[in-house]
1. Consider region 13-52. How many of its residues are among the hydroxyl-bearing types (Ser, Thr, Tyr) and without any contact (Cβ under 8 Å) to a residue 60 or more places away in the chain?
2. May I ask you to list the residues in region 370-424 that are more than 16 Å from the ligand (Cβ to nearest atom), touching a helix residue (DSSP H, G or I) at 6+ places or on another chain (Cβ under 8 Å) and basic (Lys, Arg)?
3. Can you name every residue in region 425-454 that is more than 16 Å from the ligand (Cβ to nearest atom), under 22 Å from ASP257 (Cα atoms) and surrounded by 11 or more Cβ atoms within 10 Å (Cβ to Cβ)?
4. LEU220 - would you say it is under 24 Å from GLU312 (Cα atoms) and either polar (S, T, N, Q) or within 23 Å of the chain's Cα centre (by Cα) (or both)?
5. Quick check on region 464-510: of everything there that is polar (S, T, N, Q) and in contact with a Lys or Arg (Cβ under 8 Å, 6 or more places away or on another chain), which residue is nearest to GLN414 (Cα to Cα)?
6. For region 134-155, does any single residue satisfy the condition of being touching a residue at least 24 places away in the same chain (Cβ under 8 Å) and under 27 Å from the mean Cα position of the chain (by Cα)?
7. Only one of ILE333, ILE382, ILE402 is of a type in the set (Val, Ile, Thr), modelled with pLDDT of 85 or more and within 19 Å of the chain's Cα centre (by Cα); which?
8. What number of residues in region 85-104 are farther than 10 Å from TYR60 by Cβ, part of a strand (DSSP E or B) and under 36 Å from the mean Cα position of the chain (by Cα)?
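The values are calculated or read from the model by the stated rules, or taken from the named source; none is laboratory data. The shown structure was predicted, so the numbers you read here are calculated from the model rather than taken from an experiment. Cβ coordinates were reconstructed from backbone atoms using ideal geometry, including for glycine residues, and neighbour counts include every protein chain displayed.
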Amino acid sequence: MEKEMIIVMDFGGQYNQLIARRVRECHVYCEVHPNTLSLEKIREMNPKGIIFTGGPNSVYKEESPKCPKEIFELGIPTLGICYGHQLTSHLLGGVVETAPTSEYGKTEMIVDAEDSMLFDGVKKDSIVWMSHTDYVAKVPEGFRVTAHTDVCPVAAMENPEKKFYGIQAHPEVNHTEEGQKILSNFVHKICGCGDSWQMSDFKERTIEEIRNKIGNGKALLALSGGVDSSVAGVLMAQAIGEQLTCVFVDHGLLRKDEGDQVEAVFGPNGPYKLNFIRVNAQERFYKKLEGVEDPEKKRHIIGEEFIRVFEEEAKKIGTVDYFVQGTIYPDVIESGLGHSATIKSHHNVGGLPEHVDFKEIIEPLRMLFKDEVRALGKELGIPDYLVYRQPFPGPGLGVRIIGAVTAEKVRIVQEADAIYREEVEKAGVKGLGQYFAALTNMRSVGVMGDGRTYDYAIALRAVCTSDFMTAEAAEIPWPVLSRVATRVVNEVKGVNRVLYDCTDKPPATIEFE
Ligand code: XMP
């Protein structure tokens with residue numbers, strides 16, 4: 001049976017993948033496509049509904065992105081959001097103008113047509129998220145106004161016979177109180193979709209697509225052991241098995257036992273038949289980092305060396321057809337910004353090497369958000385310790401050791417971090433976005449037994465955050481901290497003091513360098 005699908009047509013808005021995600025949350029399969037998608041292709045895909053997204057342009061300008069008017073003759077229900085709402089009006093003969101007053105942020109929307117299917121079960125007055133300078137001044141023939149706000153006379157409109165709908169606000173963002181209900185009404189009640197999609201479908205569909213695309217070709221993946229590249233790796237392994245080569249560079253800056261954990265899943269004794277190459281490049285990285293204290297220089301060296309090691313391995317394999325990256329949707333948005341000041345130069349394992357021969361890049365997780373990637377990981381049978389792993393920076397412990405890195409300092413921070421994680425997990429502390437131990441470069445005087453010590457201080461950090469752009473220092477219960485302090489000092493040679501970092505971000509950052 002052909003699967004039910006909703007198409008999101010992208011007109012350049014900020015939240016387009018979020019719309020797709022919300023539709024998937026309604027258990028309906030959804031794909032985002034450019035606005036240039038042809039009518040023929042749409043017919044072929046046979047979607048149950050089409051959503052036109054927002055976008056920064058004015059529909060009445062010649063150069064603005066459009067779609068063919070004939071889309072409205074396919075007999076497919078449509079929902080225009082923001083620019084998409086205006087575009088629906090414009091293409092069907094309504095009037096769009098610059099509004100006398102722009103509307104940004106939270107606004108109260110009043111539903112005028114309580115019998116509207118789009119607003120079925122939605123409160124008459126609710127808070128919506130608005131972001132527009134143009135508005136629909138006059139609806140096209142056959143349409144009626146279904147909602148308004150103080151400054152927007154046509155906050156929503158519809159032609160229920162033809163199943164064309166438009167809404168000026170953004171139902172996909174959390175600020176829109178009834179947003180999920182509105183989207184659910186569209187996909188279920190208007191388009192007639194059932195709860196037909198689960199993550200298992202995504203898995204199967206993607207595996208099939210990968211197989212069709214790669215055929216007998218070869219693919220190469222840079223595996224970091226992080227959640228994203230691990231999920232991409234298992235997905236690829238299940239799709240193409242031995243045609244996949246995973247190169248895992250152990251730069252000696254991973255958490256305790258992490259390299260072995262990755263090898264347990266992907267290596268020769270793991271469940272998959274693939275080509276797994278583990279490069280133990282620890283010494284090489286330590287050598288390059290010798291005596292380097294500047295954080296940005298360290299980041300640069302680690303990033304650069306990673307690429308070099310990876311390239312050397314890739315050369316041994318020869319030409320591959322595809323290079324696989326575990327890019328997920330938030331990476332796509334972040335890399336699209338690019339105007340903000342460089343606080344830290346981020347390095348993502350899986351970044352693109354310059355001298356590897358491949359024909360094409362494959363990014364199988366490109367449309368997923370982090371929690372969806374985790375759900376897919378579970379679906380693929382990846383162990384929880386990999387799926388629920390906290391974010392870990394590409395340069396690894398290199399940015400959790402202040403100042404110059406040595407093998408000895410790496411050992412200290414690995415041991416302390418393992419104890420900290422073990423105790424936090426044992427105590428069941430919830431709600432932490434990230435927590436880890438770092439090695440301050442500070443040594444201080446202590447007393448152990450009857451003797452003087454002059455050893456390092458470990459800093460413990462834990463933050464609550466959802467977006468990692470801002471974060472609050474977490475309140476770890478004192479007995480937990482106290483136990484960690486005792487254990488670290490007793491069990492980790494070279495440490496005689498444990499500090500707790502209670503700084504938020506900003507002004508501090510999450511990592512120490
Ligand atoms: P900061 O320290 O900037 O960290 O507050 C924010 C989040 O980003 C992670 N981080 C990185 N992730 N490559 C990465 O993939 C990097 O170079 C990098 N530096 C920091 C950090 O762990 C936190 O989650």
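1. 2
2. LYS378
3. ALA427
4. Numbers: under 24 Å from GLU312 (Cα atoms): yes; either polar (S, T, N, Q) or within 23 Å of the chain's Cα centre (by Cα) (or both): yes.
Considered against the rule, which asks whether it is under 24 Å from GLU312 (Cα atoms) and either polar (S, T, N, Q) or within 23 Å of the chain's Cα centre (by Cα) (or both), LEU220 comes out as yes.
5. Out of the qualifying residues, it is THR509.
6. no
7. Numbers: ILE333 fails: modelled with pLDDT of 85 or more; ILE402 fails: within 19 Å of the chain's Cα centre (by Cα).
Answer to the check: ILE382.
8. So the count comes out to 5.
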